[in-house]
Amino acid sequence: MTDFTPTLTPFADHDAELAKAEAGVAKLAATRNDRWYPKFHIASDGGWINDPNGLCYYKGRWHVFYQLFPYGTAWGLCHWGHVSSADLVTWRREPITMAPSLEQERDGVFSGSAAIGDDGELRFYYTGHRWANGRDNTGGEWQVQMMAVPDDDELRHVTKLGMIIDCPRDKVHWHFRDPKVWKTGDVWYMVHGVSSADRRGQMWLYTSEDMVEWTFKTVLFEHPDPDVFMLECPDFFPLADRDGNEKWVLCFSAMGSRPKGFMNRNANNAGYMIGTWEPGGAFEPQTEFRLWDCGHNYYAPQSFDAPDGRRIMVGWMSPFDHAMAMAGDGWCGQLTQLREVFLGEDGDVHTVPVPEADALRADDVEFGAVDLAEGGRMTLDADLEAGEIELSIDLANTTAERCGLRVHETQDGGYVYVAYDAQTGCVVLDRQNGSGTDGGYRAAPLSDDELAADALKLRVFVDRGSVEVYVNDGHQVLSSYNFPTQGPRAVSLTCESGGLRVKGLTLHHLNGIALE
Ligand code: FRU
């Protein structure tokens, strides 16, 4: 044991701040417009949300916390909101967990994670954020790592312990945040993101014996691209490949990366590299950087290990840089579905919705095999508010240049096109005819093996204001918002310039997750 104690300097009564924040959310929720409010994605009752935080399974419940601004629908003074679930099917709203109340977090309780110690008790790690000039971002940021512990088994109330890692401000250009903690062997590790003094995006690694006092060890990773100046929300975890070999997946949300081809089309981009790592050694990448999700709206994912050994991940349907249409409705921002992360037969990372969520399916409609002639259109549902379409395209017998699904199809001609594009060998999510967004399309390139396969398998999830597409058992994913205009939202199957043969087609209506 050491005599290290965190620095605790309250400036406000935490419970009073939490009560104010609850009132802020309730005020916005009271007049919320639900036209785009998700049925089966996590969102706040009211207010703005961004990153998922503190993900865990603890004493019988699954917990998702998230960055929350309770007083409006744009990013602002960050709190932690909270929902929990007994079964990963339906969710329960929990009290707001953290509001700024300590000096070091005056301007925001920023992102962080949860870790369960060998004593079975949980700890929260997060970033305390202050504007360096005490006012705004013109003078830079002053960020440090903080710790809190729960007061009850359901994580409904916490006690803050204070600052555990101060920022060496001579070595850092402002950004110093988003701690992620895990154990390998007998050692506790933490990584967080840093912008170095010369503005390179880095991940710093620390160790600890008691989970409270942390020692800086090394820069685990520096992004090779000099344009990348910060790695937000880093994560680092092992996965077994199909032969049982351990690989390490290094994850980060890169600020500053530039678009190139199908890559990095969003303002900031979240992805991973697969490699190897031994405690005490360096991370040895074996792949290039790959995106977790090729859609328009995906950022800041976090993962955790479930007690049954699964790795589960949730992302935020971003962005910061475009106004989101639902901001006028009393709420703003939603999380993706919870996704299981695993290494596929192809050696690459796959992400698929947790199978528990299949329990939301209701009123399945089985279409079986379908042939559609060139230019054909077949309506699958005249008004689908929340549903999943499973589609298997017979690649060898499809001649269409593009084929797939129109979703959120409204009577004024609006729709989002989720298509297999034979010319580019991609699955595309095209919002040219969508509404309420900056439009544009995103593409998930298929591998040569995928293009040579018998079938292309798609799972397309449609919620009131979003579309999520899982390609070939989650080898690629595209998640994007679209805010359909008033009236029914149809789904149809279509093809252009050639015919479409579908091997199997099922539509599931989906029940809500009980957060409305
Ligand atoms: C990523 C992020 C984090 C930060 C949080 C603040 O989206 O910028 O780096 O902790 O959001 O809300």
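The values are calculated or read from the model by the stated rules, or taken from the named source; none is laboratory data. Just so we're clear, the structure is a prediction, and the values are computed from it rather than from any experiment. We place every Cβ from the backbone using ideal geometry, glycine too, and count neighbours over all the protein chains shown. Keep in mind that these areas ignore ligands, DNA and RNA; they rest on the heavy atoms of the full protein, side chains included. Shrake-Rupley method; radii C 1.70, N 1.55, O 1.52, S 1.80 Å.
Note on region 358-380: residues that are part of a loop (DSSP other than H, G, I, E, B) and farther than 19 Å from Leu456 by Cβ total 2.
Within region 460-503, how many residues are outside any loop (DSSP other than H, G, I, E, B) and either under 16 Å from Gly387 (Cβ atoms) or open to solvent by less than 20 Å² (accessible area, probe 1.4 Å) (or both)? Adding up the residues that qualify gives 22. Among residues of region 136-163 that are over 15 Å from Met98 (Cα atoms) and open to solvent by less than 10 Å² (accessible area, probe 1.4 Å), those with a beta-carbon under 7 Å from a residue that is of a type in the set (Gly, Ala, Ser) and not in a strand (DSSP E or B) at least six positions away or on a different chain give the pairs Gly140/Ala132. So how many residues does region 265-283 have that are away from the ligand (no atom under 16 Å from the Cβ) and part of a loop (DSSP other than H, G, I, E, B)? Result for region 265-283: 8.
Among the residues making up region 216-228, a single one is aliphatic (A, V, I, L, M), away from the ligand (no atom under 16 Å from the Cβ) and without any contact (Cβ under 8 Å) to a residue 40 or more places away in the chain: Val219.
Set side by side, the residues Asp241, Asp198, Asp178, Asp186 differ, and just one is acidic (Asp, Glu), open to solvent by less than 40 Å² (accessible area, probe 1.4 Å) and over 20 Å from the mean Cα position of the chain (by Cα), which is Asp241. The single condition among (1) open to solvent by 40 Å² or more (accessible area, probe 1.4 Å); (2) under 21 Å from Thr379 (Cβ atoms) that Asp454 does not satisfy is (2). Scanning region 249-263 for residues that are within 16 Å of the chain's Cα centre (by Cα) and open to solvent by 10 Å² or more (accessible area, probe 1.4 Å) gives a single hit, Met255. Any idea which residue in region 190-215 is nearest to Phe252 (Cα to Cα), counting only those that are free of Cβ contacts under 8 Å to residues at least 24 places away in the same chain and away from the ligand (no atom under 16 Å from the Cβ)? Filtering region 190-215 for residues that are free of Cβ contacts under 8 Å to residues at least 24 places away in the same chain and away from the ligand (no atom under 16 Å from the Cβ), the one nearest to Phe252 (Cα to Cα) comes out as Leu205. Every listed requirement among (1) outside any strand (DSSP E or B); (2) open to solvent by less than 60 Å² (accessible area, probe 1.4 Å) is met by Pro307 save one, (2). Remark: Leu478 matches the filter, which requires a residue to be closer than 17 Å to His296 by Cα and in contact with an Asp or Glu (Cβ under 7 Å, 6 or more places away or on another chain). Of the residues screened, Glu246 is not one that is free of Cβ contacts under 8 Å to residues at least 24 places away in the same chain, away from the ligand (no atom under 13 Å from the Cβ) and either in contact with a strand residue (DSSP E or B) (Cβ under 8 Å, 6 or more places away or on another chain) or open to solvent by 20 Å² or more (accessible area, probe 1.4 Å) (or both).
Annotation: Gln337 fulfils all but one of (1) assigned to a strand (DSSP E or B); (2) touching a helix residue (DSSP H, G or I) at 6+ places or on another chain (Cβ under 7 Å); the unmet one is (1). Against the test of being touching a Gly at 6+ places or on another chain (Cβ under 8 Å), among the small types (Gly, Ala, Ser) and more than 14 Å from the ligand (Cβ to nearest atom), the options Ala357, Ala362, Ala325, Ala300 yield a single qualifying residue, Ala325. Asp363: acidic (Asp, Glu), without any contact (Cβ under 8 Å) to a residue 40 or more places away in the chain and open to solvent by 20 Å² or more (accessible area, probe 1.4 Å), yes or no? When the stated conditions are applied, Asp363 does not pass them. Per the conditions (1) more than 21 Å from Asp186 (Cα to Cα); (2) crowded, with 23+ Cβ neighbours inside 10 Å, the sole criterion not satisfied by Asp235 is (1). Of the residues examined, Phe221 is not one that is assigned to a strand (DSSP E or B) and open to solvent by 60 Å² or more (accessible area, probe 1.4 Å). Residues in region 163-189 that are hydrophobic (A, V, I, L, M, F, W, C) and over 17 Å from Glu105 (Cα atoms) were compared, and the one that is farthest from the ligand (Cβ to nearest atom) is Val187.
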